[in-house]
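The structure under discussion appears below in the form of structure tokens.
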Amino acid sequence: MKKIISLCLALLITISLSACGENNEVIKVGILQPIEHDALSAAREGFVEGLKDNGYDDSKIEVTYLNALGSDTDLKSMASELIRTSDIVLGIGTGAAQTLQSEASSVNSDIPIMFTAVTDPVDAGLVESATRSGGNLAGTTDMNPVEQQIQLVKEILPDAKELGIIYTASEQNSEIQANLAKTEAEAEGLNVTIQTITSASEIQLTLRDLCNEVDAIFIPTDNTLAAAMPTVSAICNEEKILTVVGEPNLVNNGGCITLGIDYTALGELTGKMAAEILDGSDISEMALGSLSLDECTLAVNEESFAAIGISVPSNLDK
């Protein structure tokens, strides 16, 4: 009997120690980024900071970061790897989030999937609604204030008549913003010409043709154009065309002006949401996260303004 009791006690101690070990296990966080892009990288860094600020520092999490560098094939294989090896994952951008969603579904995994830098998560099929995710995905939208961005054109160029819009045809986020921009521009009395590209190799020719037809160009948050922004700005500056862009990092790389969100702050908000899920919140009941207009930043590239020969209006503010 004493041997039985001793064995039972030993078993209980073993179970107890095992449970404690499980509670102290490092959480594996997988991050999938589709391309090298300042805004997406800022969101990624903000996400990790958001986790740390909410109780998940380096002693509690192990982060695996994979970047597909523009390859759809690599994006899929990387998503599959992260779904298999992580406790929670983050997809940066619509394509990365949808690929993680698809890979999780293919293996019947209910792993929590976070997303950020997605313009319309409902239309992209990631969540049920803005107020309730309805599944195992939750995150933040990077919908920028497109209406206010287009209004900048008339504030800077009151006599402008023609607005050009350029984006990558395959990028859903860009198309959504382009359509919003067209509606607002027409409401402002501007004629709109839209040009799309399918790859970076088409940028120079398409952009020069567009510059010959318009007074200003709107460039949404577009991965392909963002990666080529130095080339884009060089052409537009040479042609003396104002560029209003989708977010501040595009201004840093040569765009003239924007009123846009801070992607680091957006990532931090996503990280906070992830921490809440790790703490036990129901991901299916989470609302979509977003930044307010008051949290947007007016960014101006004075060198680009000088290059196109236009002065920045002194009355510009948020």
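Every number here is computed from the coordinates shown, using simple stated rules; none is lab data. Just so we're clear, the structure is a prediction, and the values are computed from it rather than from any experiment. Positions of Cβ are generated from backbone atoms using ideal geometry, with glycine treated the same way; all protein chains shown enter the neighbour counts.
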Legend entry - Per-residue Cβ neighbour rank within 10 angstrom, fewest leading, SER292, SER77, SER106: SER292, SER106, SER77
Inset, instruction - For the chain, give the share of DSSP beta bridges that are antiparallel, in percent and rounded to the nearest 5; count only bridges with both residues there. - result: 10
Inset, instruction - With N set to the residue count of region 37-151, report its C-alpha Rg divided by 2.2 N^0.38 Å to two decimal places. - result: 1.09
Inset, instruction - Rounded, prolate or oblate: pick one for region 85-198, where a ≥ b ≥ c are the square roots of the eigenvalues of its C-alpha gyration tensor, a/c under 1.5 means rounded, and failing that, prolate if a/b is larger than b/c, else oblate. - result: prolate
Inset, instruction - Could you work out how far apart the two model spin labels at GLU295 and LYS28 are, taking each label as a point 7 Å from the Cα in the direction of the beta carbon, and quote it in nm? - result: 3.1
Legend entry - Distance between region 203-279 and region 61-102 - C-alpha centres, whole angstrom: 24
Inset, instruction - List, largest first, the extents of the alpha carbons of region 245-318 along their principal axes, each in whole Å. - result: 55, 23, 14
Inset, instruction - With +1 on each Lys and Arg Cβ and -1 on each Asp and Glu Cβ, and nothing else charged, work out how big the dipole of the chain is about its Cα centre, in Debye to the nearest 20. - result: 1060
Inset, instruction - May I ask you to give the average projected area over all directions of the convex hull of the Cα atoms of region 120-251, in nm² rounded to one decimal? - result: 8.3
Legend entry - As computed over the chain, the Cα convex hull volume per residue (Å³): 134
Legend entry - Total lysine pairs under 24 Å (Cα atoms) in the chain, excluding pairs fewer than 8 apart on one chain: 15
Legend entry - Contact order relative to length of the chain, as percent, for alpha carbon pairs under 8 angstrom and 6 or more apart: 20
Inset, instruction - Please report TYR167, TYR56 as a ranked list, fewest other C-beta atoms within 10 angstrom at the top and most at the bottom. - result: TYR56, TYR167
